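Scroll down for the structure; my scribbles are underneath it.
The values are calculated or read from the model by the stated rules, or taken from the named source; none is laboratory data. The shown structure was predicted, so the numbers you read here are calculated from the model rather than taken from an experiment. Here Cβ is always computed from backbone atoms with ideal geometry, including for glycine, and neighbour counts include all displayed protein chains.
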Amino acid sequence: MLIASFAVFIMIAGIGVIGFTYYSTNVVLPNQIDLPLATTIYASDNKTQIAKVGEQNRTFVSITQIPKHMRDAVAAAEDRNFYEHSGVDYKGIARAAWNNLTGGDRQGASTITQQYARNAYEKLQDDSYARKVKEAIVASKLNDQFTKEQIMEHYLNTIYFGRNAYGIEAAAQAYFGKSVSKVDVAEAAVLASLIKQPEPTPGGHQGYDPAVNPTAAKERWTYVINSMVEEGWLDTPNHPKRPAGYPEKTLQTPKESRAGQKFGVNNPIGNVINYLVPEMREKKLCTDNEAQVTDRKPFCATMLKSGGYRIRTTIDMKVQGAILKAAQRSTKGSELDGARKNIMAAVVSIDPRNGRVVGYYGGDDGTGTDYAGKNTDSAGNITGGHSPGSSFKIYTLAAAIDAGKSVESRWKGKAFTPDGVKFRVSNAGTDNPSCGDSCTLRESTLKSLNVPFYHVSLDIGPDKIVEMAKKAGVSMMWQTNVNPPKGHDLTKADPKDLAPDPFYHVISYGQYPITVLDHANGVATFANKGVYHKAHFLLSVEKQNKDTGKWEKLGGEQLKPLKRINPDVVADVNDVLKDYPARVNHRLDDGREATAKTGTWELREGTNENGDAWMIGYTPQLATAVWVGNKGKREAIKMKDGRNISGSLMPGDIWERVMDGALKGAEKLQFPPPANVGDDTAGNGVIPTPEPPPVPQDCGPLGLFCPQNPNGGGNQGPTNPGTPTDPRGPGGGGNGDGGDGGGILPTLTPRTRE
């Protein structure tokens, strides 16, 4: 009696506990559970997926996007009574219990609804009988509040399928490279087979990934197909036919790109991803105030990790591909393929007409150093610039023209030691250039002379050069007389407060570091006739409506063109620089007109070795900046054959390949003609004394009485027998100062001087 009474008490107490648990358990609605969703990053075509980021590789899909045969395959694999039971399959529980008690294989008997509850609710993650009771209660309540289709939808968006794929859409992409909406019956059965155990257990079952355990995978697939047939979901009216065979391509070892697209930012495109959240913050598409978070304005710190957004970037895969082929060390045939280990390259290409960054390479890992942009060190200092050398002269030249100095104005070019300083200003070791102290700005630019540009800075003030660089798009510059170098935000500072201290007159030929991105943005402004567009990476951001499955735009690109530099100044700068590609043997294909400028900066003061080398240049539709320097410890940058790397070598080769590859097939555009503004006499150089015109000689009729210059005023030229169509006549062709030369002309037709 005592034992029986105690048993009845236990039963009543158990029923009471279960009843209390049932009525006290609040079920959070599935659409209120924030599952970690991956954010998909696309190129500018909005089709090419270039990355996925987030805590889990998951993309939400609505039930309308999941084919009926996919849902039936899952039910056949995991819960054949799914469409009949009330969330808990009591027959299945009894069958599993009996099987376990009689020594059969251990069975769980969890329904799809119970599995969903266990996966979606954090409090149901342990393995205890209390959890199992609560799991059944939650499943029962879910079944009361939602349709089978709604439960199936949330289940398939929650569970793990292996290969870093969470949810059915990510699984379809990981195993078949297609959306779940396009999988056929055979493929659906493969995905359904994975749910039971997608990955190997250490020392146990090897799971059902076809590439890992093909025999078991095929057996499980056959079970799913047979179950679908038995349930009438195949080979019956209004249902698909049984597939002819197993999809063999799933047996192949998956490519790494299928496993979440190298899930995260540890790849070259990762540096692009790092710019997206700051741009979204700037455009107020997200917030840093958690109290202001809404469905339309997420929390900036976590939106890429769990937001499930679709982001379209400015990256043009044609341009990006050209950059990687030319500059990435791991790409066979690139300019860095086989280069010395310390060598690194960075390249940025921008569309000048809108500021879109169409190509970007700052390294192979977005979690490491970005050699094309800004970085923050462990002490919180902003780092990342490289000394641009003579490539910076584009801003000095523009500042000089803007100050009234023409490109034909003459400046002293001989090396000298400025008053009050201890260093000597020279032209890369050349004390006395061929133009001496009478070097035009045009010639000084094309010969890349330093001394004339130093004199320009003394004349107009280094603050004018800082101001011009700022107008063009250089946002930060580092002073180098402190360790570590100190960055100065040009966008927030008055140039007069930055020059000549800390930025001295050596700014005129590029001592102070800037980023590759800023330099590309700066020269893009010159390519766009002086109209500035801020360099940017974001075209649009979309968030999926979970109720409809449709993507809704939150915001995106906001162009704000600014007329910053006089177009006449730009026209004269471009007229000088378009002669430069030929000077360094880097003409573009098919005679395409382009500007360019190289730059080199020494490894250490007083050495003949280089530490930084650049090539920048542009056409009206593309501006590209290339830097080559050190990866890690600063050492001399040299070619494989030991030559110092200068701007015209490796950077020039990269620049030419990128521009030719990116512009292949594009329209050939030309720059406007020069404006020829400024004063030719505005420099401090020696202005040549014009030669006096020759004194006319009285040689009599037909010049017959000037024996020192027979038959004409010019020096004797090469013999020419003359023809009726050749006005030089016999014995002519002279090129002397006295005239065009020539013998007795058959006619007195005027001729142009050659």
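Residues that are within 26 Å of Asn354 (Cα to Cα) and either among the aliphatic types (A, V, I, L, M) or in contact with a helix residue (DSSP H, G or I) (Cβ under 8 Å, 6 or more places away or on another chain) (or both) within the range 496-528 comprise Ile514, Val516, Leu517, His519, Ala520, Asn521, Gly522, Val523, Ala524, Thr525, Phe526, Ala527, listed in sequence order.
For the range 187-197, check the following and say yes or no: at least one residue is farther than 18 Å from Arg80 by Cα, surrounded by 23 or more Cβ atoms within 10 Å (Cβ to Cβ) and either of a type in the set (Ser, Thr, Tyr) or without any contact (Cβ under 8 Å) to a residue 12 or more places away in the chain (or both). No, that holds for no residue.
Of the residues Val28, Val17, the single one that is under 51 Å from the mean Cα position of the chain (by Cα), exposed (fewer than 14 other Cβ atoms within 10 Å of the Cβ), modelled with pLDDT under 90 and more than 30 Å from Thr314 (Cβ to Cβ) is Val28. Reported count of residues in the range 227-241, each being in a helix (DSSP H, G or I), under 17 Å from Glu187 (Cβ atoms) and not aliphatic (A, V, I, L, M), is 1. Being basic (Lys, Arg), out of contact with any Lys or Arg (no Cβ under 6 Å at 6 or more places or on another chain) and in a loop (DSSP other than H, G, I, E, B) is the requirement here; does Lys414 meet it? When the stated conditions are applied, Lys414 passes them.
Every residue, every condition in (1) in a loop (DSSP other than H, G, I, E, B); (2) within 20 Å of His386 (Cα to Cα); (3) not polar (S, T, N, Q), yes or no:
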site	(1), (2), (3)
Arg312	no, no, yes
Lys332	yes, no, yes
Gly338	yes, no, yes
Ala345	no, yes, yes
Ile350	no, yes, yes
Gly368	yes, yes, yes
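Of all residues being under 20 Å from Glu279 (Cα atoms) and among the small types (Gly, Ala, Ser) in the range 369-383, which is surrounded by the fewest Cβ atoms within 10 Å (Cβ to Cβ)? Just the residue, please. Among those that are under 20 Å from Glu279 (Cα atoms) and among the small types (Gly, Ala, Ser), it is Gly373. Among the conditions (1) within 23 Å of the chain's Cα centre (by Cα); (2) over 22 Å from Asn610 (Cβ atoms), His488 misses just one, which is (1). Exactly one residue among Lys553, Lys534, Lys546 is modelled with pLDDT under 95, basic (Lys, Arg) and part of a loop (DSSP other than H, G, I, E, B), and that residue is Lys546. Hey, any hits in the range 333-344 for a residue that's buried (at least 17 other Cβ atoms within 10 Å of the Cβ), closer than 17 Å to Ile269 by Cβ and hydrophobic (A, V, I, L, M, F, W, C)? For the range 333-344, residues buried (at least 17 other Cβ atoms within 10 Å of the Cβ), closer than 17 Å to Ile269 by Cβ and hydrophobic (A, V, I, L, M, F, W, C): absent. Can you name every residue in the range 628-643 that is in a strand (DSSP E or B) and of a type outside the set (A, V, I, L, M, F, W, C)? Result: Gly629, Asn630, Lys638. Between Val541, Val474, the distinction of being outside any loop (DSSP other than H, G, I, E, B), in contact (Cβ under 8 Å) with a residue 24 or more places away in the chain and of a type outside the set (S, T, N, Q) belongs to Val541 only.
Contact map, the range 336-364: residues that are farther than 17 Å from Gln320 by Cβ paired with residues that are of a type in the set (A, V, I, L, M) and assigned to a strand (DSSP E or B), Cβ distance under 7 Å, separation 6+ or inter-chain. Pairs shown: Ile343/Val628; Pro352/Ala623. Within the range 556-582, can you find the residues that are charged (D, E, K, R) and in a loop (DSSP other than H, G, I, E, B)? Listed by number, the residues that qualify are Glu557, Lys560, Arg564, Lys578, Asp579.
Condition check ((1) modelled with pLDDT of 90 or more; (2) surrounded by 22 or more Cβ atoms within 10 Å (Cβ to Cβ); (3) under 40 Å from the mean Cα position of the chain (by Cα)) across all residues:
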{"site": "Leu124", "(1), (2), (3)": "no, no, no"}
{"site": "Tyr160", "(1), (2), (3)": "yes, no, yes"}
{"site": "Glu169", "(1), (2), (3)": "yes, yes, yes"}
{"site": "Lys178", "(1), (2), (3)": "yes, no, yes"}
{"site": "Gly204", "(1), (2), (3)": "no, no, no"}
{"site": "Gly207", "(1), (2), (3)": "yes, no, yes"}
{"site": "Tyr223", "(1), (2), (3)": "yes, no, no"}
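Among residues of the range 605-616 that are within 12 Å of Ala346 (Cβ to Cβ), those with a Cβ under 6 angstrom from a residue that is in a strand (DSSP E or B) and aromatic (Phe, Trp, Tyr), sequence gap 6+ or separate chain, pair up as Asp612/Trp601; Trp614/Trp627.
Could you pull out the residue among Gly487, Gly530, Gly522 that is over 19 Å from Asn566 (Cα atoms), out of contact with any His (no Cβ under 6 Å at 6 or more places or on another chain) and either in contact (Cβ under 8 Å) with a residue 24 or more places away in the chain or of a type outside the set (S, T, N, Q) (or both)? Going through Gly487, Gly530, Gly522 in turn, just one is over 19 Å from Asn566 (Cα atoms), out of contact with any His (no Cβ under 6 Å at 6 or more places or on another chain) and either in contact (Cβ under 8 Å) with a residue 24 or more places away in the chain or of a type outside the set (S, T, N, Q) (or both): Gly487. Scan the range 622-634 for residues that are out of contact with any helix residue (DSSP H, G or I) (no Cβ under 9 Å at 6 or more places or on another chain) and either within 12 Å of Ala346 (Cα to Cα) or modelled with pLDDT of 95 or more (or both) and the total you get is 3. Does Phe392 meet the test of being buried (at least 18 other Cβ atoms within 10 Å of the Cβ) and within 30 Å of Gly642 (Cβ to Cβ)? In short, yes.
Answer yes if at least one residue in the range 451-462 is among the aromatic types (Phe, Trp, Tyr) and under 31 Å from the mean Cα position of the chain (by Cα), and no otherwise. Scanning the range 451-462, I find no residue that is among the aromatic types (Phe, Trp, Tyr) and under 31 Å from the mean Cα position of the chain (by Cα), so the answer is no. Confirm whether Gly611 is among the small types (Gly, Ala, Ser), buried (at least 24 other Cβ atoms within 10 Å of the Cβ) and at pLDDT 95 or above. It is false that Gly611 is among the small types (Gly, Ala, Ser), buried (at least 24 other Cβ atoms within 10 Å of the Cβ) and at pLDDT 95 or above.
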